[in-house]
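Encoded as C-alpha cells, the structure appears first; notes follow it.
The values are calculated or read from the model by the stated rules, or taken from the named source; none is laboratory data. Source: prediction; values computed, not measured. Every residue, glycine as well, gets a Cβ built from its backbone with ideal geometry; the counts of neighbours run over all protein chains shown.
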Amino acid sequence: MPDESAERENWATIATPGSRGWLRLAAELLLLGWVLGLFAYFYQVRGYLALAREVLGL
Amino acid sequence: MIDTALILVLALLLLLVAGGAGHYLLARARIAFAGRLEEACFSVAAGLGALILSVLALGLTGLLYRPAIWGVVLVWLLVAARGLSGLRDLVRPLASIRPEPRSFEFWLVAAGVLNALFGLVRALAPPHGATDPLAYQLALPRIYLAKHFLSFEPTITGALYPSNVNLLYVVGLALGDGSLAQVIHWLTGVLCTLGIWALGERYFSRSVGVWGAVLFSFTPIVVYFGPQGYIDLGLCYFQLMAFWALFNRVTAPSRGGLVLAALLCGLAIGVKHQGLATAVVGAAVLGGCVLKQRQGWRILLRHEALYLVVAFLLVLPWYARAWYWAGNPVWPLANAWFSGIPFGAPPTLSTELDPSAAASAFWGGLLPSLEWFRLYADAMSPWAWTFRPTGMQKDIGVYVVALLPGLLLYLRRRREAWLLGFCVAYYLMLVRFLHMNPRYGLILFAGLSLLCGLVASHLSHSPRRLVAWSFRGGVAATFMLNLLLAGLLCQPVVPVVTGAEARDSFLQRSVGNYRALQFVNANLPATAVVMFQGLVEGYYCDRAYLWGDHPHSGLIRYQEHPTPEDLVRRFRELKVTHVVRILSMPAVRRAMYPDYFSDPFQEAFRRRYLRPLYWDESYVVFEVVYS
C-alpha cells in the first residue's frame, strides 16, 4: 500500500472555500437524494415493499 | 438425527480448534499484527488452513475414516490448547466492550447480528433446495467419506477441481451431518464480515469497517447463499485474508508476512479455480509496490517467485491428483492443451474464451472486442445486477450502485484510491473470465462494501444533521426490509431446526428426489449402479450413481445410440443396474434433456428395457432388464 501521508484533495473540497461551502452542501444533498431515491426505487421494483405490506396486512 | 445443539457445539469446537491452533502456529512463525481483532482473524484462517491440509493428506492416502478425522481434530485441539491462552488474550478486550445504544453503529451491528442469526437458523436445517450443493459441493465430500479417499467421479462436473472448502465439509459430515457443513459455510461468511470490519478499521477507520462489514452481510448473494452448502463465501474468506496479508506485507515489509500472504493465496486458489485470480491480482499488487519503492528487478523477481512458488505448492496436490486421474491438472478445463480424458461439455473460462481452442486463439481472445462489450453490456452491468438480476447469484442489492457515486465526493486518501483500483481490476477480471457471475467474485463485493462503507460513514457523520439523519433513516428502513426478507427465508426451516418437525418429513417436502432416493437406499442392492436421468442432485443417494445424460458429463449422447438396442448396449458398458428419472421435465431443462415420457424413442426404450420399481409424483425408479 502506498504512503498514507501523501493525501490529496478531491474536486469537491478544491471547489469550495470550506467544509460548509454551498457547493459541497449541494453535492451532499444531491448524493443524499440519489441514495434515498435509489433505495426507494430498489425496494419498490424488487418487491420488498409489496412483501412488507403483505406481511403487515396493509 | 444429530440435533441442533450438538451441531452448534461442534461448530464452536471447530472454531476454537482453528483459532487456537492458528494462533499457536502464527506465534511460532513470529508474525506481528497491528491489532487483536486482526490477529484473531488471521489465527482462524491459519487454523482452518492447517485443518484443510491435514484432511487433504488423509484424503490422498486413503485414510478418510471418521476416527481418523476425529483424530486430526483432536491433535489440532491439543495444539490449540497451547495457543488458547494467547487466543484468550485476543478476545479478552471483547469483554470490556460496553454497548452504546446511543451510537448508530451499535444498531448497525445489532442488525448485522440479527441477520446473521437468521442465516444460522437456515444453515442448521438439513441440506435442501439449491442444486449445486446437492449435486457437487456437499455430494462429493459425502462420496469421499463413503469411499475413504478423494475418489474420482468422472461424471460429476468439478470432480477434480481444487476443493479446500469441501474438505472442511468432509470434516463437517464426519463429525456431524450436512447441517454442520452448511454451518461451516455460514461461518466463513461471518468470518468474512469480521475480516472486512477489521481490515476497514486498520486501513480506514472503525466506522468505515463497521459500515463495510454490515453492508456486505446484507448483500443478497451473501444472504441467499451463505447458509447453504456452497463454497463461494469460503473462497471470499481466504481471498480476503490473502489480500489483507499482502497489504500488510506491502505496508510493513517482512519475509514472514510475504510467506503468510502466499500461503493464504494458495489456500484461496485451492478452494476452486476462480481463486486463481488471487494469484494474478496479488502478484500484480506485489510487483507494482516493489517497483514503486524502486527496489529493483532482482528484488521484484525474488519476491514474486517466493509468493507464487509458495502459493502454488499448496495447490500442487490438487493439480497432481487431477493429472493422475485425468491427465490434465485442471480437468476438464483446457482439455485440448493437456490431452486429458474426454469430458462431455467442459466449462469455459468465459462466455467467449474457450480453453479448448488452440493456444494462439486463446491468447488472442484475452482482449475483448468492442462488439463483446456491446453484446454483454447488460450481463456485466452492476445496474442490471441491482435491478434486473438474472437469478439469485447476480443479486447484488442496492448499496453498491447507490453509494459508490459518493466516492466522487469523499475519496481523498491514496489508499482509498488503491482500493478503488483493486475493485476495478477485479471487476474486469470477473466480467472477462469469471462468467460475469458476482457469486464467483464475492471478494469484489467485500472490497466494494468497504468503499460503500467509506461513503456511508461520511454521510452518517455529516456535520449537517439533515443529511446525517435522513441517510440514517433511509438505511434503517432498508435494513428492516432486508431483515424481513431474511426472516421470511428462514421461516420454513424453523420447525425442523427446533425439532418440531421430523427431518424425514421436512426433506420429503423440501427435496424433490428425496423419497425416490430413500427407496433406492432401502431397496436396491449395495452393488447397484444408478443412472440419473434428468437430475444431478445425488447428495441423498447411498448407492453408486452416474450423471447419465447430463450434457456436461457426455456419458450418454442419445444421437450416438439410434436404436433401443444400441442404448441398452451403452447401459451395459456402464454397468448400470437402475435408473432414477424425472417424471416431467421442466421447460427450462428441455434444451438439456429429453422429455422422457413424451419422447417416442425413450418410450420405446422404456417399454423394452426398464421395469418400474417405485414412482411418486416427481420421480420414477426403474430396474434395467437386460435379458
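Each row is one residue, and each column tells you yes or no for (1) loosely packed, with under 14 Cβ neighbours inside 10 Å; (2) aliphatic (A, V, I, L, M); (3) modelled with pLDDT under 90.
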| site | (1), (2), (3) |
| --- | --- |
| A:Met1 | no, yes, yes |
| A:Glu7 | yes, no, yes |
| A:Pro17 | yes, no, yes |
| A:Trp22 | yes, no, yes |
| A:Leu29 | no, yes, no |
| A:Leu32 | no, yes, no |
| A:Phe39 | no, no, no |
| A:Gln44 | yes, no, no |
- Query: For region B:511-543, what are the residues that are of a type in the set (Phe, Trp, Tyr), surrounded by fewer than 21 Cβ atoms within 10 Å (Cβ to Cβ) and within 20 Å of B:Arg589 (Cβ to Cβ)?
  - Reply: none
- Task: State yes or no: is A:Arg53 farther than 30 Å from B:Lys292 by Cβ, among the charged types (D, E, K, R), at pLDDT 85 or above and out of contact with any helix residue (DSSP H, G or I) (no Cβ under 7 Å at 6 or more places or on another chain)?
- Result: yes
- Item | Qualifying position, being free of Cβ contacts under 8 Å to residues at least 12 places away in the same chain and either of a type in the set (A, V, I, L, M) or within 19 Å of B:Leu48 (Cβ to Cβ) (or both), among B:Val109, B:Val113, B:Val190 | B:Val113
- Quick check, is B:Gly200 within 14 Å of chain A (Cβ to nearest Cβ) and either surrounded by 24 or more Cβ atoms within 10 Å (Cβ to Cβ) or closer than 28 Å to B:Leu483 by Cα (or both)? yes
- Query: Quick check: is even one residue across region B:569-579 modelled with pLDDT of 95 or more and touching a Ser or Thr at 6+ places or on another chain (Cβ under 8 Å)?
  - Reply: yes
- Can you find a residue in region B:578-586 that is over 35 Å from the mean Cα position of the chain (by Cα), within 17 Å of B:Gly534 (Cβ to Cβ) and assigned to a loop (DSSP other than H, G, I, E, B)? no
- Message: Would you confirm whether or not region B:261-272 contains a residue that is assigned to a helix (DSSP H, G or I) and either surrounded by fewer than 17 Cβ atoms within 10 Å (Cβ to Cβ) or over 28 Å from the mean Cα position of the chain (by Cα) (or both)?
- Response: no
- Item | Selected residue (criterion: surrounded by the most Cβ atoms within 10 Å (Cβ to Cβ)) from residues of region B:369-398 that are at the interface with another protein chain (Cβ under 9 Å from one of its Cβ atoms) and more than 22 Å from the chain's Cα centre (by Cα) | B:Val398
- Message: Here's a check for you: in region B:430-488, which residue that is more than 14 Å from chain A (Cβ to nearest Cβ) and β-branched (Val, Ile, Thr) is farthest from B:Ala198 (Cα to Cα)?
- Response: B:Val431
- Message: Looking at region B:153-173, I want the residues that are closer than 15 Å to B:Gly234 by Cα and have a partner that is among the β-branched types (Val, Ile, Thr) and in a loop (DSSP other than H, G, I, E, B) with Cβ atoms under 7 Å, at least 6 apart or on another chain. Which pairs are those?
- Response: B:Pro162/B:Val271; B:Asn164/B:Val271; B:Val165/B:Ile231; B:Val165/B:Val271; B:Asn166/B:Ile231
- Given the conditions (1) closer than 25 Å to B:Lys272 by Cα; (2) away from every other protein chain (no Cβ under 14 Å), and given that B:Gly212 satisfies all but one, which numbered condition is not satisfied? (1)
- Within region B:550-568, the residues that are part of a loop (DSSP other than H, G, I, E, B) and either β-branched (Val, Ile, Thr) or modelled with pLDDT under 90 (or both) are B:His550, B:Pro551, B:His552, B:Ser553, B:Gly554, B:Leu555, B:Ile556, B:Arg557, B:Thr563
- Message: Just checking, does region B:601-617 include any residue being assigned to a loop (DSSP other than H, G, I, E, B), polar (S, T, N, Q) and either touching an Asp or Glu at 6+ places or on another chain (Cβ under 9 Å) or at pLDDT 90 or above (or both)?
- Response: no
- Just give me the residues in region B:502-526 being in contact with a strand residue (DSSP E or B) (Cβ under 8 Å, 6 or more places away or on another chain) and not charged (D, E, K, R), in sequence order. B:Gly512, B:Asn513, B:Ala516, B:Leu517, B:Phe519, B:Val520, B:Asn523, B:Leu524
- Selection over region A:31-49 where residues are within 9 Å of chain B (Cβ to nearest Cβ) and either more than 15 Å from B:Ala477 (Cβ to Cβ) or within 13 Å of the chain's Cα centre (by Cα) (or both) yields a count of 10
- Unmet criterion (only one of (1) within 14 Å of chain A (Cβ to nearest Cβ); (2) surrounded by 16 or more Cβ atoms within 10 Å (Cβ to Cβ); (3) modelled with pLDDT under 95) for B:Trp547: (1)
- Item | Exclusive hit being surrounded by 15 or more Cβ atoms within 10 Å (Cβ to Cβ) and more than 8 Å from every other protein chain (Cβ to nearest Cβ), set B:Leu411, B:Leu419 | B:Leu419
